[in-house]
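Down below is the structure, laid out as structure tokens.
The values are calculated or read from the model by the stated rules, or taken from the named source; none is laboratory data. What you see is a predicted model, and the numbers here were worked out from it, not measured in a lab. When we count neighbours, we look across all protein chains shown, and the Cβ atoms used for this are built from the backbone with ideal geometry, even at glycine. Areas reflect the complete protein model, heavy atoms only, side chains present, ligands, DNA and RNA absent. Shrake-Rupley method; radii C 1.70, N 1.55, O 1.52, S 1.80 Å.
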Amino acid sequence: MTIANVNGGQIAYADAGSGKDVVLLLHAFPLNRGMWSRLVTALEKRHRVISIDYRGFGRSGLTSEPLTMELVAQDVRAVLAHLRVERASVAGLSMGGYVALELYRQAPGLFRGLALCDTKAGNDTPEGAAGRETFAKNAIEKGLRWVTDAMLPKLLKPQPDAAAVAEVRSLIGQATPAGVAAAQRGMAKRPDSTPTLATISCPTLVVVGEQDALTPPAESEKMAKAVKGAKLTRIPGAGHLANLENPEAFNQAVSGFVDALPA
Ligand code: MLT
């Protein structure tokens, strides 16, 4: 893990594997790049794999501003510029998907391919945005234990495996209450990315856990239809964090997609 002092922040990243083909991994809320450990292991034999912690998560520095998708995408571009990376295939899960769509608006030429995993293109309803503000206040007042208990049932399938519960508890425990609040406030401000879908011209894969209740398969079907040529893969036995609940199927889908991308 390395810290880059870029874009006015301290952004932690890992740069694994080697080669010309870069894969960029964007994590879910309120986790960090550690959620990708198994996928990194699967990909690093053939690709250079860069994973980034957003401000307030993992080892990155804090932010007091709302963590907007614009800011995260700028941070990501600054890390890539620091590493002299000009092209990458990008996989984002949930909030990582929101960031990936903003990154596509800012830098479409970056993309060799795009994997939108357990995410959606639409923005929040006014009630949804208000709920995020309440969550942000609770996170600051009540701490990460409260955040973990509030998020776990949404992130995992009903009756989740104990190992997945323990892994998610540990990953959320590495966040900060200020980072959680900033991310909720930033997600509440995100624009509707639906119009962006029709502009995507790189190969695109949409992936969803069959039991994802937070960004349900119906959202993924809509996204896959709206992106020209996109393929949709459903992951059995998995909820929202499909990469943690069925890593074999998830990693096979994403690495198969990345391996097959044209140079
Ligand atoms: C995530 O998994 O990244 C978030 O739960 C997404 C969201 O809150 O919209």
inquiry  = Condition check: of a type in the set (Lys, Arg), open to solvent by 20 Å² or more (accessible area, probe 1.4 Å), in a loop (DSSP other than H, G, I, E, B) and within 15 Å of the ligand (Cβ to nearest atom). Does Lys154 satisfy that?
reply    = no
task = Any chance you could count how many residues in the stretch 71-87 are crowded, with 23+ Cβ neighbours inside 10 Å and of a type in the set (D, E, K, R)?
result = 1
From Gly143, Gly128, residue being over 30 Å from Ala260 (Cβ atoms), open to solvent by less than 50 Å² (accessible area, probe 1.4 Å) and in contact (Cβ under 8 Å) with a residue 60 or more places away in the chain = Gly128
inquiry  = Looking at Gly122, Gly56, Gly96 in this structure, which one is in contact (Cβ under 8 Å) with a residue 60 or more places away in the chain, on the phi > 0 side of the Ramachandran plot and within 15 Å of the ligand (Cβ to nearest atom)?
reply    = Gly56
ask   = How many residues, within the stretch 33-70, are open to solvent by 40 Å² or more (accessible area, probe 1.4 Å), among the polar types (S, T, N, Q) and closer than 23 Å to Glu102 by Cα?
value = 1
request  = Would you tally the residues in the stretch 248-263 being under 17 Å from Phe111 (Cβ atoms), of a type outside the set (Asp, Glu) and surrounded by 11 or more Cβ atoms within 10 Å (Cβ to Cβ)?
outcome  = 4
query = Ala178 fails exactly one of the following numbered conditions: (1) within 16 Å of the ligand (Cβ to nearest atom); (2) within 22 Å of Leu67 (Cα to Cα); (3) open to solvent by 10 Å² or more (accessible area, probe 1.4 Å). What is the number of that condition?
reply = (1)
message = For Leu62, only one of the following conditions fails: (1) more than 19 Å from Ala139 (Cβ to Cβ); (2) among the aliphatic types (A, V, I, L, M); (3) at pLDDT below 95. What is its number?
response = (1)
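Which one of Ala12, Ala91, Ala28 is small (Gly, Ala, Ser), away from the ligand (no atom under 16 Å from the Cβ) and open to solvent by less than 40 Å² (accessible area, probe 1.4 Å)?
Ala12
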task = For the stretch 194-219, name all the residues that are aliphatic (A, V, I, L, M), within 16 Å of the ligand (Cβ to nearest atom) and not in a loop (DSSP other than H, G, I, E, B).
result = Val206, Val207, Val208, Ala218
